[in-house]
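Colleague: I have a structure I would like to understand better, so I am pasting it below and will then ask my questions one at a time.
No lab work stands behind these numbers, since they all come straight from the coordinates. These numbers were taken from a predicted model, which means no experiment stands behind them. Cβ: placed from backbone, ideal geometry, glycine included. Neighbour counts: every protein chain shown.
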Amino acid sequence: MIKNKAFFFIDYEGTQQRGSGPATATVAPAAWRTGDLSEFSHQGQPGGERSNYREPVPGQYRACFADHQSVAAKLFGSPDLYPLPNNIGTGALGITNNYIATSASTLKNNQADVKGDIRPTDKTA
């Protein structure tokens with residue numbers, strides 16, 4: 001007689017959630033992508049001087065960005081990899097939230113549990 005000797009438990013739980021909606025991001029403007037960082041100049045140009053900036057050695061800051069070119073051209077040059085701004089930005093530099101797109105997200109979770117217990121004889125605990 002096999003009655004009350006084998007017990008099995010099996011369960012499955014699956015979750016799928018999908019979401020979408022508007023999303024904003026801050027991306028580098030087109031000028032920065034070509035290495036033009038002239039808006040960061042502190043050489044007394046109109047609109048380019050910060051009142052709290054003090055140049056430790058005259059000309060040293062400008063030497064860091066000779067002709068206002070940098071590695072930004074390589075980092076941000078491809079709009080296929082890094083999108084161009086498509087919205088008027090906000091903030092001090094006018095770039096905060098300058099990119100609007102739609103986002104989509106998917107969450108899939110599948111899990112299962114199996115448990116078995118076999119007691120071949122009454123002497124087995």
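Colleague: Using 1/(1 + (r/R0)^6) with R0 = 35 angstrom and r between the beta carbons of E39 and D11, what's the FRET efficiency to the nearest 0.05?
Modeller: 0.05
Colleague: Still on this structure, please answer the following. How much length is gained if the chain between T106 and T121 is pulled fully straight, taking 0.36 nm per residue apart and subtracting their Cα-Cα distance, in nm to one decimal?
Modeller: Details: separation 15, 0.36 × 15 = 5.40 nm, distance 4.95 nm.
0.5 nm is the gain from fully extending T106 to T121.
Colleague: Here is a further query. Quick one: which of 84-96, 9-21 comes out on top by average Cβ neighbours within 10 Å, and what's the full order, highest first? Intermediate results must be reported in sequence, preceding the final value.
Modeller: On the way: 84-96: 12.4, 9-21: 9.0.
Result, highest mean first: 84-96, 9-21.
Colleague: Show the residues, 5+ positions off or on another chain, whose built amide H is closer than 5 Å to the amide H of Y99.
Modeller: Residues meeting the amide H criterion: A25, V27, N86.
Colleague: Simple spin-label model, 7 Å along Cα-to-Cβ: T96 to T24 in nm?
Modeller: For the pair T96/T24, the computed spacing is 0.9 nm.
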